[in-house]
1. Put +1 on the Cβ of every Lys and Arg and -1 on every Asp and Glu Cβ in region 10-368; which of 269, 194, 63 then has its Cα farthest towards the positive end of the dipole?
2. For the chain, give me every cysteine whose Cβ has no other Cys Cβ within less than 4.7 Å, ordered by residue number.
3. Give the cross-link partners of residue 109 among the lysines, using a straight C-alpha distance below 21 Å as the criterion and excluding same-chain residues fewer than 8 apart.
4. Ranking 94, 323 by Cβ neighbours within 10 Å, fewest first, what do you get?
5. Exceeding 21 Å between C-alpha atoms, which entries from my cross-link table qualify? They are 133/367; 136/367; 14/332.
6. Could you tell me how far the Cα centroid of region 267-286 sits from the Cα centroid of region 1-24, in Å?
7. Pick the calculated Cα extents along the principal axes in Å for this structure from (i) 52, 46, 45; (ii) 136, 53, 36; (iii) 63, 62, 44?
8. Net charge near residue 305, counting Lys/Arg +1 and Asp/Glu -1 over other residues with Cβ under 14 Å of its Cβ?
Amino acid sequence: MDAVESNLGGIKVKVCGVVQYINLFGVGIGYTVAAAISAMAIKRSNCFHSSHGKDPCHMNSNIYMISFGAAEIILSQIPDFHELWWLSIVAAVMSFTYSFIGLGLGIGKVVGNKKIKGGITGVAVGTITQTQKIWKTFQALGNIAFAYSYSMILIEIQDTVKSGPPSEAKTMQKATLISVLVTTFFYMLCGCFGYAAFGDSSPGNLLTGFGFYNPYWLIDIANIAIIVHLVGAYQVYCQPLFSFIEINTAKIFPNSGFITKEFEVPIPGCNAYKFNLFRLIWRTIFVIITTVVAMLLPFFNDIVGLIGAIGFWPLTVYFPVEMYITQQKIPKLSLKWICLEMLSFACLMVSLAAAVGSIAGIVDDVKDYKPFQTNY
């Protein structure tokens, strides 16, 4: 938002802020749903193993979402983004852990099948209708867009990078390039081998959809890694929103002790913990709201697709492209300007298609849905 204000200004700053913080709120909901699904996957995996597959092991997701929310209420009291560096490292390690496990299991399944399942055009019509296939294709675009929509926290992360040489900007350019390449590599491998392993019966999430029943302990490790990753990622994404609300509220009410006064709580062997009443109440309410909404709409793939659709084009493509054009003073209607605007327009179409597909999926999900009574 600050970058947009510096380069573009005007109404675009407000539009960017609204989209950015709605997206961060949506990420909190999506991560709550995902963490609960992984927690249930662990429980169901052990249930299937102990009953030798005879018990369907149905369970309600609410208790797992509430547990995740309780953990986030505690972690959300970390005062600012700069104190989360260790959480980011843990989350990154966990991400590699479950990615390698998922990839390894997918390769193992393909080898065990002695053939590659599925087709080049995806799920065959007949398994689902042509309309459903179109919606699911659009929804998949949203899921992919969600995976690459990290621009809203990019500058906050850059602010935590130590001063150079090399400069923070060069460090972030290198980190971004490596991250995108590694992410794309893993996504392509996991997606391709997962589909090759299960074909048209591929679950929405290979680890939580029980495509692999054995070795169940390895699946449990992967799902534990997902939960730990999401616990940290929730804070990484929500801390900028926390900070935005707190800074602006303090500007509006500078003389309010409830909002601005910090209480120091001594901790033996550590620096004193700074405690603030407004931070405690506001962040707790925020986590409760994301948890309740997640319990109301526990549709993982559809929610992730919708969040990706909302944030991908404006935050990852449109504003960065417009800022680049402004900074580089690229003339209108020049070849470079036309190419950049065509790229932006193409990504807008992707976002719109993803939004339509995800909304259609949510509408389909809620037909037989009872609030707070979702069982798996």
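1. Result: 194.
2. Lacking a cysteine Cβ partner under 4.7 Å: 16, 190, 192, 238, 270, 339, 347.
3. 117
4. Numbers: 94 21, 323 16.
In increasing order of surrounding Cβ atoms, one gets 323, 94.
5. Working: 133/367 18 Å; 136/367 17 Å; 14/332 24 Å.
Beyond 21 Å between Cα atoms: 14/332.
6. First find each Cα centre; the distance between them is then 28 Å.
7. Read-out from the structure maps to (iii).
8. On the way: positive: 136; negative: 302, 364, 365.
Local net charge: -2.
Since every read-out is calculated from the coordinates, none of them should be taken as a lab result. Quick caveat, the model's predicted, so the values are computed rather than measured. In this analysis, Cβ positions are derived from the backbone assuming ideal geometry, glycine residues included, and neighbour counts consider all displayed protein chains.
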